[in-house]
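Worksheet for the structure shown next.
The values are calculated or read from the model by the stated rules, or taken from the named source; none is laboratory data. None of the values given here were measured: they were computed from a predicted structure. Reconstructed Cβ throughout: ideal geometry from the backbone, glycine too, with neighbour counts over all protein chains shown. What goes into the accessible areas is simple: the full protein's heavy atoms, side chains included, and nothing from ligands, DNA or RNA. Shrake-Rupley method; radii C 1.70, N 1.55, O 1.52, S 1.80 Å.
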Amino acid sequence: MIKKIKTHQLTPGMYVHDLNCSWGVHPLFPIRFKVMDEIKVEEIHALGVRELYIDTRRGKGVADAPDTREISEAVEQELLDLAASLPTGTEPRVSLREEAPGAARLHAEASRSVNRLMADIRLGQQGALEDLDSAVDAIAESVLRNSNALNGLGLIKTKDGYTFLHSVSVGALLATFCNALSLSKDITRQATLGGLLHDVGKMKVPDDILNKPGRLSADEFEIMKDHVRHGQEVLQQLSSLSPYALDISLHHHERFDGSGYPSGLKGGAISPLGQMAAIVDVYDAITSTRVYHEPMSPAEAIRKIQEWSKFHFNEELVRHFIRSIGIYPVGSLVVLESGLIGVVVEHNAHNTLRPVVWIAYDTRARAEVSSPYDLDLSRALGNGGGDRITGYETDDKWGIRARRSVFNEQLH
Ligand SMILES: [Fe+2]
């Protein structure tokens, strides 16, 4: 049985199933392991982990600890309450189909620009910030027209290009987040630029550590963490850079409860855009394929972020982030009451529980749908008007290669 406990309840003899930390998989620890001694317990405390999951079949248990079903039901209820209480967002200005081709082009161009800048920095050159100006404007405008296109494309990443593709995704998600908070055009622009630049310091991290396929040693992890300080050094040389973009780079690994790095800042000591970047950075990292983990479904990632918001993030900002991309964000594989299964292709700004779903599989017929189609769950009448989402699945279940095939088909 998998149970959730407070870290102070952890004792030697327990079997850790999941450290439940907002790094996804912690680079210093195996995914699952038995706690053999007090030293390990202390190390886990030192990570800033407040709650974690243990497997009581493989080690000692704790009386009355909630199991995973109880935890996920509680998180689901929190999200339903959030959906009911949220103000409605802004309607996209154009359809996804109209926005998709241009978004695909600008995504490719922005990725190339960030890649070029990062390659310059790796070679010890300063890098030209002006190259990013047009990418920043294009991202901010595309997200205003219809954020589903860029945020959907952002899920498609190759392992090799992770650092710069992640930077483009963080830029687009921050632009989406700023719009949901009705921030000014100028701050949205600076936040987008900060997203594109937040990890430039990684170019000063040796390649064998940056792309190490396994766990890092404690020393290697310290070198990896130094990317934040390296980023500051690089960015401070760029005279035209705004303090907002610097804040994002400096604060994106700080955590609201003080458990982050490099400074262990708490709460309001972390800049607001830094607090937003922390949420967005984690969301994009855990939904991406990495050398050491498989991607999490966007719907599952939202639930983890909600769960972690108690300690690691600003809870109010998490609410707004979820409002900006939905309880079932673009790319989520969802199951409908009717037995149909599909992938969310458009977030519904007026009702986050009723997005547009690309229907690809019918569980009643146990077969793929011969001609997949878009089903708008917000429609009162017509094809599936009464249907609703009852749950979500992992990406590759049901033979639907959700992200790649669906987004390639939808967006091109
Ligand atoms: Fe980072």
Note to self: Of everything in region 81-96, what is touching a residue at least 24 places away in the same chain (Cβ under 8 Å) and either surrounded by fewer than 14 Cβ atoms within 10 Å (Cβ to Cβ) or touching a helix residue (DSSP H, G or I) at 6+ places or on another chain (Cβ under 8 Å) (or both)? Give them in sequence order.
What the structure shows: Leu82, Leu86, Pro87, Thr88, Gly89, Thr90, Glu91, Pro92, Arg93, Val94, Ser95, Leu96
Next item on the list: Only residues that are touching a helix residue (DSSP H, G or I) at 6+ places or on another chain (Cβ under 9 Å) and either away from the ligand (no atom under 16 Å from the Cβ) or more than 19 Å from Phe321 (Cβ to Cβ) (or both): list them for region 171-185, please.
Entry: Ala172, Ala175, Thr176, Phe177, Cys178, Asn179, Ala180, Leu181, Leu183, Ser184, Lys185
Next item on the list: Among the residues of region 186-209, write down those that are within 14 Å of the ligand (Cβ to nearest atom) and either among the hydroxyl-bearing types (Ser, Thr, Tyr) or open to solvent by 60 Å² or more (accessible area, probe 1.4 Å) (or both).
Entry: Lys204
Next item on the list: Go through Leu340, Leu336 for me and flag whichever is touching a Phe, Trp or Tyr at 6+ places or on another chain (Cβ under 8 Å) and at pLDDT 75 or above.
Entry: Leu340
Next item on the list: Scan region 124-160 residue by residue and report those that are basic (Lys, Arg), open to solvent by 60 Å² or more (accessible area, probe 1.4 Å) and touching a helix residue (DSSP H, G or I) at 6+ places or on another chain (Cβ under 8 Å).
Entry: Arg145
Next item on the list: State all residues of region 42-66 that are outside any loop (DSSP other than H, G, I, E, B) and surrounded by 14 or more Cβ atoms within 10 Å (Cβ to Cβ); if no residue qualifies, say none.
Entry: Glu43, Ile44, Glu51, Leu52, Tyr53, Ile54, Asp55
Margin query: Let me spell it out: the conditions are (1) within 16 Å of the chain's Cα centre (by Cα); (2) farther than 23 Å from Gly331 by Cβ, and Gln190 meets all of them except one. Which number is the exception?
Written below: (1)
Checklist line | In region 255-313, the residues that are surrounded by 17 or more Cβ atoms within 10 Å (Cβ to Cβ) and β-branched (Val, Ile, Thr) | finding: Ile270, Ile279, Val280, Val282, Ile286, Thr287, Ile302, Ile305
Next item on the list: Only residues in region 184-206 that are within 12 Å of Val114 (Cα to Cα) and assigned by TED's automatic domain parsing to the domain that holds Ser111 count as the first member; pair them with residues that are within 13 Å of the ligand (Cβ to nearest atom) and of a type in the set (D, E, K, R), Cβ under 8 angstrom, at least 6 apart or cross-chain, and list the lot.
Entry: His198/Asp281
Next item on the list: For region 210-316, please list each of the helices (runs of 4 or more DSSP H) lying entirely inside it that holds at least 2 residues being more than 14 Å from the ligand (Cβ to nearest atom) and acidic (Asp, Glu).
Entry: 218-225, 298-308
